[in-house]
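**Student:** Got a structure for you, questions after.
What follows draws every value from the coordinates through simple rules; no lab data is involved. The shown structure was predicted, so the numbers you read here are calculated from the model rather than taken from an experiment. Because the Cβ atoms are built from the backbone with ideal geometry, glycine has one as well, and the counts that use them run over all protein chains shown.
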Amino acid sequence: MDHVDVVVIGAGVVGLAIASELAKKNQDLYVIEKETAIGQGTSSRNSEVIHAGIYYAKDTLKAKLCVKANPMIYQICEKGKIPHKKLGKIIVGNGEDEIKQLEDLIRKGESNGVTDLKLIDSEEVKKLEPKVRADKAVLSPSTGILDAHSLMDYFLRDARSKMGADPLVLDTEVIGLKKIKDGFIINTLSGGEAYSLEASVVINSAGLFSDKIAERIGLNIDELGYRIHLCKGDYFSLTGKPPAKMLVYPPPLQDTLGLGIHTVPDLTGRLKFGPNAYYVNDIDYRVESTTEPFWKDIITYLPEIKRDDLHPDMSGIRPKLQGPGEPAKDFVIKHEEKSGFPGFFNLIGIESPGLTCSPAIAEMVAEMVNSYLY
Ligand SMILES: Cc1cc2nc3c(=O)[nH]c(=O)nc-3n(C[C@H](O)[C@H](O)[C@H](O)COP(=O)(O)OP(=O)(O)OC[C@H]3O[C@@H](n4cnc5c(N)ncnc54)[C@H](O)[C@@H]3O)c2cc1C
């Protein structure tokens with residue numbers, strides 16, 4: 001049976017970032033992906049926003065990794081010639097309650113280490129975005145957008161060039177995992193053919209399926225709080241000229257599962273709105289939402305938008321650890337040594353801001369893996 005040092009399960013942005021980071025030291029690694037191309041999961045179904053790290057509870061991995069990764073992403077984009085734009089973002093508020101939320105948000109962001117936030121008044125908002133209606137807004141200059149596929153291509157190219165070999169194994173599903181004395185047996189299925197290999201380290205970055213992978217090795221995912229709840233977000237595209245250049249967000253609601261329906265500009269100049277957030281039982285990417293509630297949310301800050309100019313566009317599914325009615329949960333990034341699986345690393349619940357965090361997640365995981373292996 002073939003033996004490798006490391007198997008990464010999943011070629012989304014997180015698995016590929018980890019491969020590129022591990023390849024600095026470790027040349028003996030595979031990234032196993034069930035689809036026929038990279039990035040066919042959540043990594044290609046999101047808002048492609050480079051977040052600053054404002055919203056997340058202090059000292060969580062989400063907050064720490066996002067604040068760390070924001071400048072890393074811009075550096076990677078420059079170095080790798082990855083299309084991106086530092087558009088800046090405004091989070092708008094109308095009325096006393098919402099303005100209070102904005103002030104709280106600035107305090108939260110600052111306590112996370114975001115240093116460039118500013119509360120601006122309606123005049124300043126008008127100068128930046130004349131069509132946006134807001135009494136006040138939080139300005140986040142370091143928020144931007146990028147092309148997620150180019151980022152994934154970059155991580156893969158980087159891993160290949162450091163290794164002088166190709167770590168990527170496509171069209172191969174991990175269907176079984178077994179702990180052995182010094183590692184794991186990984187059973188896969190590719191084009192109907194079964195194939196097994198051994199690895200000293202397994203990194204589970206299987207996105208929406210990461211709880212199932214953890215379960216397969218023998219972890220009790222309910223006891224550990226690893227069960228994933230699928231939380232869908234739909235987007236609607238706007239026909240006609242975009243009414244705003246920047247990212248424009250509503251204030252976050254107390255019980256929201258996402259960040260509210262915001263503008264989602266892309267690098268071609270088109271504009272979408274989204275994503276909303278609702279739990280689903282199955283992975284089905286058809287847009288299920290109706291236009292009316294979307295439009296009603298949007299016109300609170302962009303009153304000129306016409307309902308008939310909105311059209312169902314795409315959707316993505318968040319791998320949430322937070323179940324219905326529960327508080328927000330942090331990423332799980334963990335070496336399962338204490339649970340009896342030394343060499344098994346779980347990445348579960350990597351929802352937003354996972355795209356932004358990917359290089360910082362990769363550094364964290366590589367440090368854990370290297371200190372285990374060497
Ligand atoms: C609606 C929405 C909007 C978002 N917006 C943003 C944003 O603007 N900014 C931001 O930073 N983040 C955003 N995110 C979060 C971000 O998209 C994710 O955190 C990130 O893409 C997760 O990447 P991943 O590699 O962990 O998962 P994935 O991209 O899902 O990759 C996992 C891979 O594992 C593979 N796989 C699964 N099971 C197996 C198996 N058994 N064998 C082999 N391969 C397997 C899958 O096919 C998949 O390719 C958003 C997410 C959603 C849903």
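**Student:** Give me the extension gain from SER371 to GLU337: residue separation times 0.36 nm, minus the current Cα-Cα distance, reported in nm with one decimal.
**Tutor:** Additional length available on full extension: 11.0 nm.
**Student:** For the chain, return all DSSP H helices satisfying: extent of Cα atoms along own axis at least 15 Å; mean Kyte-Doolittle hydropathy at least 0.5.
**Tutor:** Helices meeting the span and hydropathy rule in the chain are 354-373.
**Student:** Any idea what the alpha-carbon Rg over 2.2 N^0.38 Å comes to for the range 297-341?
**Tutor:** For the range 297-341, the normalised Cα radius of gyration is 2.11.
**Student:** Right, something else. If the range 100-146 were replaced by its equivalent ellipsoid, with semi-axes equal to the square roots of 5 times the Cα gyration tensor eigenvalues, what would those be, largest first, whole Å?
**Tutor:** In descending order the semi-axes read 20, 14, 8 Å.
**Student:** Here's something else I'd like to know. Can you compute the FRET efficiency between GLU78 and LYS24 using 1/(1 + (r/R0)^6), with r the Cβ-Cβ distance and R0 = 22 Å? Round to the nearest 0.05.
**Tutor:** 0.65
**Student:** Hey, could you grab the Kirkwood Rh for the chain? Inverse mean 1/r over distinct alpha carbon pairs, Å, one decimal.
**Tutor:** It is 21.4 Å.
**Student:** OK, next. Of ARG160, ARG270, how do they rank once you tally other Cβ atoms within 10 Å and put the fewest first?
**Tutor:** Sorted ascending by nearby Cβ count, the order is ARG270, ARG160.
**Student:** Give the residues of the range 226-266 whose amide nitrogen is closer than 18 Å to a point set 7 Å from the Cα of TYR278 in the direction of its Cβ.
**Tutor:** Within reach of a label on TYR278, which here means backbone N under 18 Å from a point 7 Å along Cα→Cβ, the range 226-266 contributes 229-237, 255-262.
**Student:** May I pose another question? Would you list, by chain and number, the lysines whose Cα falls below 19 Å from the Cα of LYS181, excluding same-chain residues fewer than 8 positions away?
**Tutor:** Qualifying lysines at Cα under 19 Å: LYS338.
**Student:** Then there is this: Between LYS212 and ALA328, take the C-beta separation as r, use R0 = 25 Å, and let me know the FRET efficiency to the nearest 0.05.
**Tutor:** That gives a FRET efficiency of 0.65.
**Student:** Which residues in the range 1-38 place their backbone N less than 20 Å from a point set 7 Å from the Cα of ASP182 along the Cα-to-Cβ direction?
**Tutor:** What the label zone holds, given the 20 Å backbone N cut-off, is 1-8, 26-30.
**Student:** May I ask you to sort THR115, THR143, THR60, THR42 by Cβ crowding, counting other Cβ atoms within 10 Å and putting the fewest first?
**Tutor:** The order, fewest Cβ neighbours first, is THR115, THR60, THR42, THR143.
**Student:** Right, another one. What does the net charge come to around ARG160 if you take all other residues with beta carbon closer than 11 Å to its beta carbon, with K and R at +1 and D and E at -1?
**Tutor:** -1
**Student:** What FRET efficiency comes out for the pair MET1/ASP308, r = Cβ-Cβ distance, R0 = 51 Å, nearest 0.05?
**Tutor:** Result of the calculation: an efficiency of 0.25.
**Student:** Okay, next question. Sum -39500 (n - 2.57) across every DSSP H segment of at least 4 residues in the chain, then divide by the residue count to get the 222 nm mean residue ellipticity, nearest 500.
**Tutor:** Result for the chain, helices only: -9000 deg cm²/dmol.
**Student:** Something else: Roughly what would the spin-label model give for SER150 and ASP97, points 7 Å off Cα along C-beta, in nm?
**Tutor:** With each label placed 7 Å out from Cα toward Cβ, I get 4.2 nm.
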